[in-house]
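Worksheet for the structure shown next.
The values are calculated or read from the model by the stated rules, or taken from the named source; none is laboratory data. As the structure is a computational prediction, the values presented were derived from the model and not from experiment. Heads up, the Cβs are rebuilt from the backbone with ideal geometry, glycines too, and the neighbour counts pull from every protein chain shown. To get the accessible areas, we keep the full protein, side chains included, count just its heavy atoms, and leave off ligands, DNA and RNA. Shrake-Rupley method; radii C 1.70, N 1.55, O 1.52, S 1.80 Å.
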Amino acid sequence: MKKVKLLVLDVDGVLTDGKLYYGSSGEEYKSFHTQDGLGINLARYSGIKIALISGRSSNAVKKRAEELKIDVFYQGIHDKVQVLNEIMADLNINLENICYMGDDLNDLPILQIVGYPAAPQNAVPLVKESAHFVSKANGGEGAVRELIDHILTEGYDYKSLLHNYFNGMITFTQ
């Protein structure tokens, strides 16, 4: 797990529940799990870069990516492998050092080439068959956090990482 230097995530069905919600004026709504957000912050704190590659474009996703200070963010992408190759060149990272979490058939080309493929529980069967890690949680319900906890627990001194991350951020009173 220490080999993971880049965590790449699909958005719809991974960071969200995969459902599309539209308001009466056509505005789009998405639901993100806050535990995924803290997990992403922990991963970034540990030195893991985070990338989002989404097949759709959404202002809600752009806002969430900005809030989480995502290192690399692409939307409206049909050829995710091409974008991944660009990211790898820019960050000087090899496939073996990449963990990718996807949920649907369009994620298979990347899942089949990265070092650590992952999927949420509600991913389609072919995606889950290609994954080394399948979360117990569904996409949008903490699946990303579960993956990050797995990566950090297996490859890092997780308790020390948490201690250092929260040192000074939280004051406990009795």
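Suppose a student asked you for the relative contact order of the chain, using Cα pairs under 8 Å spaced at least 6 residues apart; what percent would you report?
Across the chain, relative contact order equals 28 percent.
Convert each backbone phi in region 123-138 into a coupling constant with the Karplus relation 6.51 cos²θ - 1.76 cosθ + 1.60 (shift: θ = phi - 60°), then list the ³J(HN,Hα) values in order as whole Hz, x for Gly and Pro.
5, 5, x, 4, 5, 4, 5, 7, 8, 7, 10, 10, 5, 7, 8, 7
Using +1 at the C-beta of Lys and Arg and -1 at the C-beta of Asp and Glu, which of I40, L84, I113 has the Cα lying farthest in the positive direction of the dipole of region 12-122?
Farthest along the dipole direction, towards plus: I40.
What list of ³J(HN,Hα) values in whole Hz, one per residue of region 73-81 in order, does the Karplus curve 6.51 cos²θ - 1.76 cosθ + 1.60 (θ = phi - 60°) give from phi, with Gly and Pro shown as x?
Running phi through 6.51 cos²θ - 1.76 cosθ + 1.60 with θ = phi - 60° gives 9, 10, 10, x, 9, 9, 9, 5, 5 Hz.
Out of the total accessible area of region 33-78 (probe 1.4 Å, heavy atoms of protein only), what percent is carbon and sulfur?
Carbon with sulfur: 46 percent of the solvent-accessible area.
Of (1) 22.5, 84; (2) 15.9, 54; (3) 17.4, 60, which is the value of Rg and Dmax of the Cα atoms in Å derived from the coordinates here?
Answer label, from the structure shown: (2).
Could you bin all the Cα-Cα distances of region 97-152 into 5 Å bins starting at 0 and give me the percent of pairs in each, rounded to whole numbers?
It works out to 4, 25, 35, 24, 11, 1, in whole percents.
Please find the FRET efficiency linking N94 to D157, where r is the Cβ-Cβ separation and R0 is fixed at 25 Å, and quote it to the nearest 0.05.
Once the sixth-power term is evaluated, E becomes 0.55.
Given H placed on each backbone N at 1.01 Å, which residues far from V8 in sequence or on other chains put an amide H within less than 5 Å of it?
Here the answer is A51, C99, Y100, M101, since their amide H atoms fall under 5 Å of that of V8.
Can you run phi through the Karplus equation (6.51, -1.76, 1.60; θ = phi - 60°) for region 26-33 and list ³J(HN,Hα) in whole Hz, with x for Gly and Pro?
Going residue by residue, I get x, 5, 9, 10, 9, 10, 10, 8 Hz, with x marking Gly and Pro.
Collect residues whose amide H, placed 1.01 Å from N in the peptide plane, falls under 5 Å from the amide H of R56; neighbours closer than 5 in sequence don't count.
G76, I77
Find the percent of Cα-Cα distances in region 71-174 that exceed 20 Å, and round it to a whole number.
Tail of the P(r) past 20 Å holds 50 percent of the pairs.
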